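Worksheet for the structure shown next.
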Amino acid sequence: MAWFGIGSEKDSLYETLVRAYAPELFRFAYWLCRDRHVSEELVQETCLRAWKNWQSLNDPQLAKQWLFTILRREHARLYEQKTPERVWAEDDAQWETMVGQVTMPLLEVREALVKLPERYRAPLLLQVLGGFSCREIAVIMDASEDAMLARVSRARRMMREMLDEQPNIRRVMK
Amino acid sequence: MNCMEFQRELSADPRRLTTAALGHAETCSDCARRMAGQINLDAQWEAELQASPPVGMEDRILLATRMGRQKRQRYYALVATLVAGMAVVFGVTLSQPDKGSPDLVAIAVEHVLNEPEHLQETQVVNSRMLNDLLARVGAQTRGTLPATYANACKLPNGEGGHIVLSTQHGRVTLMLIPHGKTDAMLRRMMGNLIVEVHAARTGSYSLVAPNESALTDAKTLLARQLRWT
């Protein structure tokens, strides 16, 4: 139901998109910047920009890719240059809320992920969490498909190498 | 396809392997094992990298979009007012639009959505605090109000009060808005919330309820327990 406007088709589609994709956008934003407040701001800014530039959404079927592209650019514009290297500073209570139960494999996957340079982390997240193909990732990242194929492969290899060094992960993976 | 080519394809996108790669995996047990391992690993990463969004995030986004549109509409209203003012100078009288009242609904809902935690918590609210807040809109309690949260709060147009009432059909937020006046009762559905804004002795107050029954409970409660001074 479109409640925030006069009930036009645009209002209705916009609300559907926000409700459908905001959680996925938040998850991607969170693993990019690792800050819940910044992530919410990023998602909000993404949606506001989407609303303002609605005419550039030519095909509603591509709405998810379009929203992720806006978020990725917004993150680059606002935070990439000035975000200091963060450590995993959230307290356990916050993590309990986010992921249910903190387990050792989870901590190690997180640690491995955060060690990935962003140019590798973002394409991998888009594929694993967003379900995008390399062609779609190339559009979102403003890069070539070949470059994305190489980065995703490299990211997977780096993750595997880091996780292979963790005894808990090895045990879980067997 | 050989094993090297298969591995390259597998590590680029294990969920979208070509027919040639899938054919290779059928004939090569090592590559079939690698494929299963990579698919499992991706599934595990996906499951472990959850991050649930803050409660009410989507509603806040939709509200922010709406508020942004209202700002633009206010800008157009300002331009219209200036044009109207010039017209008055030239002897044409135009009526002024009512610009203030529709925002009261949005102010109340935005405040509730920004502080969803107050709908969950249960505080011991003393009647003195309650009466101090209610006095801002010219009200006093006659008896007890089943409040689970009460505090002063900053609103866009000045300081107000934020009270959560417990009713049989759910919790209802009572927002006290001393600096926002309305001449008529305003009512709007916003998402799953029902919002009503009523005139108070000073300014207005709004009720934000999760359903019609809870809203009726809250209105009955206020009619019985509040006295307007």
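The values are calculated or read from the model by the stated rules, or taken from the named source; none is laboratory data. Everything numeric in this text was worked out from a predicted model, so none of it was measured. Methodologically, a virtual Cβ is constructed for each residue, glycine included, from the backbone with ideal geometry; neighbour enumeration extends over all protein chains shown.
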Report task. For the range A:2-36, name all the residues that are in contact with a Ser or Thr (Cβ under 8 Å, 6 or more places away or on another chain), at pLDDT below 85 and surrounded by fewer than 20 Cβ atoms within 10 Å (Cβ to Cβ). Result -> A:A2
Report task. Please enumerate the residues belonging to the range B:54-68 that are at the interface with chain A (Cβ under 7 Å from one of its Cβ atoms) and over 16 Å from A:L48 (Cβ atoms). Result -> B:P54
Report summary line: When B:S213 is run through (1) modelled with pLDDT of 90 or more; (2) assigned to a strand (DSSP E or B), the failure sits at (2)
Query raised in the report: Looking at B:R224, B:R187, B:R201, which is the one that is in a strand (DSSP E or B) and out of contact with any Lys or Arg (no Cβ under 6 Å at 6 or more places or on another chain)?
Result: B:R187
Report task. For the range B:1-51, enumerate the residues that are of a type in the set (K, R) and within 12 Å of another protein chain (Cβ to nearest Cβ). Result -> B:R8, B:R15, B:R16, B:R34
Requested in this report: Say whether the condition of being closer than 21 Å to B:A223 by Cβ, buried (at least 17 other Cβ atoms within 10 Å of the Cβ) and of a type in the set (D, E) is met by at least one residue in the range B:110-123.
Outcome: no
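Every residue, every condition in (1) facing chain B (nearest Cβ under 7 Å); (2) over 20 Å from A:R36 (Cβ atoms); (3) modelled with pLDDT of 90 or more; (4) not in a loop (DSSP other than H, G, I, E, B), yes or no:
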residue: A:R110; (1), (2), (3), (4): no, no, no, yes
residue: A:V114; (1), (2), (3), (4): no, no, no, yes
residue: A:L124; (1), (2), (3), (4): no, yes, yes, yes
residue: A:I140; (1), (2), (3), (4): no, yes, yes, yes
residue: A:R160; (1), (2), (3), (4): no, yes, no, yes
Report summary line: Considering the range B:106-159, residues that are assigned to a loop (DSSP other than H, G, I, E, B) and among the small types (G, A, S), and then whichever is nearest to B:A200 (Cα to Cα), we arrive at B:G138
Query raised in the report: Right, B:V164: under 14 Å from B:L221 (Cβ atoms) and not in a loop (DSSP other than H, G, I, E, B) or not?
Result: yes
